[in-house]
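Some notes on the structure that comes next.
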Amino acid sequence: MVSPSYAIELLQKALEIYTPSRSEAALANFLKEKCTNELGFEQVSIDSVGNVIATKGTGEPRILLCGHMDTVPGQVPVRIEDGHLYGRGASDAKAPLIAMLLAASEFPKQSGTVIFAGVVDEEGNATGVKHLVKSKMAIDYAMFGEPSGIENITIAYKGRLAIRLTVDVGDSAHASAPWLARNAVEEMYDFWNSIKSEIEKVGTADTKANSISCSLTEISGGSSHNVTPQKCKITIDMRVPTTTTCQKVLDIVDDVIEKVKAQKGIKTTYRIEDKTEPFEADHSSALVRALSLGVLDVCKKRPVLLRKTGTGDMNVLGNSFKVPVVTYGPGDPHASHTADERVNIEEFVSSVEVFTRSLFHLSRIHHIKKNKK
């Protein structure tokens, strides 16, 4: 059994390695060394995109435990204060990553196959999990590590549709004579306002989890402080509930853009930056049942099943592999990406046991179902 002191020390060392997206190599090598020399994995490698893959055991069930090594930019001093461990990634998502790693190391070889994957670029373009999907690895179940709080299980994530919209009015003028040319930034406002209004009209539902959200996240325009802008570009981030699809939302947005474009007679183009479909786990699956039993064993209460408004790696693999998938992990999502990102140490240590118990239950349930067949 992994000791609490070992678990805390391993997480602290992982936090001390700064890993903004696409800079995960140092942590990957660190985890590879631990998996090979201390944690008893039989096969350990780093793949072509930088993911750490460690395998233990043989046969069914084949269980993937997947967490991401990268964080958002910005360092947070690593320290222990008031029962919390602080550091960039403490919540999102190195605490879940290390908890899964340690639980996987405890999995009995005769109980099946456990595959631990520490992936890259989750906070960016999901390069790591997309590479796993392309590899077509044979798995029966997958658990993803993200902060849900140890008494909650995330069963659904919204999808994400992001577009980069460009308006080009074709000319510019001196700022002292703005009537000589259209202003691209001002014209862009009408496009954005029309898109937002239409999304709010057709996409507002009874809950935030079932509504389409629409955010203007980036804007750029103009070439000088005294010249009217000829071009303006914006990024629009839309989160898509499981009640619809990214394509249906894109069709709505495309229709709005074409209508405003025709009214204004302005050159307008857009490109899709991200298109990740929403995903919801099967509540009755052996995986949800096993994880619920793990939470019940450790926390002495039944978990709450959450539908989140964000988007995760679970969406990518779940929609591609068609196997039971769920997300779980220690940490407060509201502390993620903040200047004082942290995880409760007691919760982190308990989550290792939750994952361990869940693997036990999943193997047991899988074999019972298999024998009945």
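The values are calculated or read from the model by the stated rules, or taken from the named source; none is laboratory data. Not measured: the values here are computed from a predicted model. Cβ: placed from backbone, ideal geometry, glycine included. Neighbour counts: every protein chain shown.
Counting only residues that are among the hydroxyl-bearing types (Ser, Thr, Tyr) and assigned to a helix (DSSP H, G or I), which one in the stretch 180-206 is surrounded by the fewest Cβ atoms within 10 Å (Cβ to Cβ)? Per the criteria, the residue is Ser197. Checked against (1) in a loop (DSSP other than H, G, I, E, B); (2) under 18 Å from Pro278 (Cβ atoms); (3) touching a residue at least 60 places away in the same chain (Cβ under 8 Å), Ala209 passes all but a single condition, namely (1). Suppose the filter is of a type outside the set (Phe, Trp, Tyr), assigned by TED's automatic domain parsing to the domain that holds Glu347 and not in a loop (DSSP other than H, G, I, E, B); does Gln75 pass it? When the stated conditions are applied, Gln75 does not pass them.
Taken over the stretch 246-268, the criterion of being touching a residue at least 24 places away in the same chain (Cβ under 8 Å), loosely packed, with under 15 Cβ neighbours inside 10 Å and either β-branched (Val, Ile, Thr) or not in a helix (DSSP H, G or I) (or both) is satisfied by Lys267 alone. Please work out which residue is surrounded by the most Cβ atoms within 10 Å (Cβ to Cβ), limiting yourself to the stretch 293-322 and to residues that are among the charged types (D, E, K, R) and within 26 Å of Asp237 (Cβ to Cβ). It comes out as Asp313. Residue check: Ala54 meets all listed conditions (1) in a helix (DSSP H, G or I); (2) in contact with a strand residue (DSSP E or B) (Cβ under 8 Å, 6 or more places away or on another chain) but one, namely (1).
Here's the yes/no breakdown for (1) in contact (Cβ under 8 Å) with a residue 60 or more places away in the chain; (2) in contact with a Pro (Cβ under 6 Å, 6 or more places away or on another chain); (3) in the same structural domain as Leu132 (by TED's automatic domain parsing); (4) closer than 30 Å to Glu186 by Cα:
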residue: Cys232; (1), (2), (3), (4): yes, no, no, yes
residue: Thr235; (1), (2), (3), (4): yes, no, no, yes
residue: Thr244; (1), (2), (3), (4): no, no, no, no
residue: Ala286; (1), (2), (3), (4): yes, no, yes, no
residue: Leu291; (1), (2), (3), (4): yes, no, yes, no
residue: Gly331; (1), (2), (3), (4): yes, yes, yes, no
residue: Ala335; (1), (2), (3), (4): yes, no, yes, no
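Taking the stretch 117-160 as the range and being in a strand (DSSP E or B) and of a type outside the set (A, V, I, L, M) as the test, the residues that pass are Gly118, Tyr141, Phe144, Gly145, Asn152, Thr154, Tyr157, Gly159, Arg160. The requirement of being under 20 Å from Thr36 (Cα atoms), surrounded by 24 or more Cβ atoms within 10 Å (Cβ to Cβ), assigned by TED's automatic domain parsing to the domain that holds Gln12 and in contact with a strand residue (DSSP E or B) (Cβ under 9 Å, 6 or more places away or on another chain) is fulfilled nowhere in the stretch 80-90; no residue meets it. List pairs: first in the stretch 80-91 and in a strand (DSSP E or B), second buried (at least 21 other Cβ atoms within 10 Å of the Cβ) and of a type in the set (Lys, Arg), Cβ under 7 Å, 6+ apart or cross-chain? Here the result reads His84/Arg342; Leu85/Arg342; Tyr86/Arg342, each pair linking the stretch 80-91 to a residue that is buried (at least 21 other Cβ atoms within 10 Å of the Cβ) and of a type in the set (Lys, Arg).
Answer yes or no: is there a residue in the stretch 37-46 that is assigned to a helix (DSSP H, G or I) and modelled with pLDDT of 95 or more. Yes, because at least one residue in the stretch 37-46 is assigned to a helix (DSSP H, G or I) and modelled with pLDDT of 95 or more. Here is a check on your reading of the model: is Gly67 assigned to a strand (DSSP E or B), closer than 17 Å to Thr19 by Cα and either at pLDDT 95 or above or assigned by TED's automatic domain parsing to the domain that holds Asn29 (or both)? Yes: the conditions hold for Gly67. Residue count for the stretch 269-288 under the criterion of being assigned to a helix (DSSP H, G or I) and either among the aromatic types (Phe, Trp, Tyr) or surrounded by fewer than 16 Cβ atoms within 10 Å (Cβ to Cβ) (or both): the result is 0.
Close contacts from the stretch 15-36, counting a first residue that is over 15 Å from Thr127 (Cα atoms) and at pLDDT 95 or above and a second that is part of a helix (DSSP H, G or I) and aromatic (Phe, Trp, Tyr), with Cβ to Cβ under 9 Å and a gap of 6+ residues or different chains, come to Ile17/Phe30. Cβ separations smaller than 6 Å between residues 6+ apart or across chains give the following pairs from the stretch 161-175 residues that are outside any strand (DSSP E or B) to residues that are among the basic types (Lys, Arg): Val169/Arg182.
Out of curiosity, is Ile17 crowded, with 16+ Cβ neighbours inside 10 Å, within 19 Å of the chain's Cα centre (by Cα) and not aromatic (Phe, Trp, Tyr)? No, not satisfied.
Within the set Val352, Val325, the sole residue that is buried (at least 20 other Cβ atoms within 10 Å of the Cβ) and either farther than 30 Å from Arg79 by Cβ or modelled with pLDDT under 95 (or both) turns out to be Val325.
Per this entry, Arg302 is not counted among residues that are under 21 Å from the mean Cα position of the chain (by Cα) and basic (Lys, Arg).
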